[in-house]
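Structure record follows, encoded as structure tokens.
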Amino acid sequence: MGIDASAAGLPAALSVNDSDGDSVRVRLLTRIARLLSLAESQNVHEAESAMQEAQRLLLKYNLEVPTQATTTHGFRQLGEPRGRIDEHLRLIAVVLGRFFFVETIWVSSFDVHSGRRGSVLEVMGRLENLEMSAYVYDFLLHSGEQLWLQHKRQHRIAQNRERRTFLSGVMLGFADRLAQQQRGQQQQGLVWVADAALHTYLRQRHPNIRRVYSQGQPRSETRAAGKQAGQALILHKPIHGGSTKGPPKLLGGR
């Protein structure tokens, strides 16, 4: 059934300092949080270097973890259940799965507040990667909306008719930026190979998976503007006050 055979007491995600593994996790996330704070610098080169170092540190950590005796996988659901999954949300899931060492899947859920069913994004992976993914999810949602408001002001747009198109462009642009970083890391010999144990965990938790294809937003000037904004986006320090479900996050949230 995919249940952790070693489960006892509080879940590991809620008891942060009770083992050597948790201490390593806390140190990693603390270092990444400090780098993300530096990434808010007004100096563009310093900010970009801090973001790249945070990603390199996370990659290096994940390359070293499989050599350890035990690996703990878990899951977390991000955001609220939605009746409609917009393209920019699907693209965020792609970004998380491609660059932040987690598996992603949209699962059925129920919103007790509205009494309606919908879908919610679930991420699976090591606890420190879940922490990072939850932060990136909130960061991209918040940053995308802020960039859209800025775009509206600059072009004196009164309506939100092209909002989804712009947001999709932002996520595509940010993915391009991370892909460029990834190529640089590969040139340094840091190459990530998929975690077979994590894929097994995914199949145990969700044995019946189906792929759903949907039509994306139109390729327009608005989408191109969003992509350009996303390519300039730098992952930086946490923005407080979040919507992501789960235990308190060491990296903060939106």
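The values are calculated or read from the model by the stated rules, or taken from the named source; none is laboratory data. As the structure is a prediction and not an experimental result, all values here were calculated from the model. Glycine also receives a Cβ, built like all others from the backbone with ideal geometry; neighbour counts cover every protein chain displayed. When the accessible area is computed, the model is the full protein with side chains, heavy atoms only, and any ligands, DNA or RNA have been set aside. Shrake-Rupley method; radii C 1.70, N 1.55, O 1.52, S 1.80 Å.
The figures follow:
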quantity	calculated
Calculated from backbone phi, Karplus (6.51, -1.76, 1.60) coupling profile of segment 124-134 in Hz, x at Gly/Pro	10, x, 5, 4, 5, 6, 4, 4, 5, 5, 4
Residue-wise HN-Hα coupling along segment 144-155, computed from phi with Karplus coefficients 6.51, -1.76, 1.60 (Hz; x: Gly, Pro)	x, 5, 5, 5, 5, 4, 5, 4, 4, 5, 5, 9
Peptides 154-161, 35-42, 178-185, 140-147 ordered by average Cβ neighbours within 10 Å, highest first	140-147, 35-42, 178-185, 154-161
Per residue accessible area in Å² of segment 49-149, where ligands, DNA and RNA are left out and the probe is 1.4 Å	40 Å²
Exposure ranking of Tyr135, Tyr201, Tyr213 by accessible area [1.4 Å probe, largest first]	Tyr213, Tyr201, Tyr135
